[in-house]
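Written out below as structure tokens is the structure these notes cover.
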């Protein structure tokens, strides 16, 4: 036998006031966590590929002593002869104002040493020009950075 449903009125469940379904009282954070983990993996993979600073082809040496402290670094790129611009830490500096910038960089430091990262194609005259500016700024020790010789 078929059932009879009341249309309208207050006795039926399908009245205007009664609704079927539940409300979402909580936010589902699982998709948010999944997206954050994927972004974390992407940044972890791409971070080593991002390169800061200038690309320098360092000369090779048979013996090199490891550096224990974090000295001030001056980088001479391959196009130094044309541009006369070096990089002091992460800042590009013209050779003419290198002396003042370097005085500010080593002002509060106990160790007044600087390491030069010169490109292998840089001439000796360019290297001496930069070294003269370093000595005028009050640098006590100047070191040259190299990389180990490949294929020993």
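Here are the numbers for this structure:
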| read-out | value |
| --- | --- |
| Conditions (1) surrounded by fewer than 18 Cβ atoms within 10 Å (Cβ to Cβ); (2) at pLDDT 85 or above; (3) closer than 18 Å to residue 58 by Cβ: number failed by residue 92 | (3) |
| So residue 140, is it loosely packed, with under 12 Cβ neighbours inside 10 Å, touching a strand residue (DSSP E or B) at 6+ places or on another chain (Cβ under 9 Å) and modelled with pLDDT under 85 | yes |
| Residue within segment 105-127 that is more than 19 Å from residue 61 (Cα to Cα), surrounded by 13 or more Cβ atoms within 10 Å (Cβ to Cβ) and in contact with a helix residue (DSSP H, G or I) (Cβ under 8 Å, 6 or more places away or on another chain) present | yes |
| Single residue of 85, 74, 130, 139 found to be in contact with a helix residue (DSSP H, G or I) (Cβ under 8 Å, 6 or more places away or on another chain) and farther than 22 Å from residue 59 by Cα | 139 |
| Test: residue 101 is in contact with a strand residue (DSSP E or B) (Cβ under 6 Å, 6 or more places away or on another chain), closer than 21 Å to residue 150 by Cβ and either modelled with pLDDT of 85 or more or surrounded by 13 or more Cβ atoms within 10 Å (Cβ to Cβ) (or both) | no |
| Residue 56 being at pLDDT 85 or above and under 24 Å from the mean Cα position of the chain (by Cα) | no |
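The values are calculated or read from the model by the stated rules, or taken from the named source; none is laboratory data. For clarity, every value in this text was computed on a predicted model and none was experimentally measured. Using ideal geometry, Cβ is built from the backbone for each residue, glycine included, and neighbour counts are taken over all protein chains shown.
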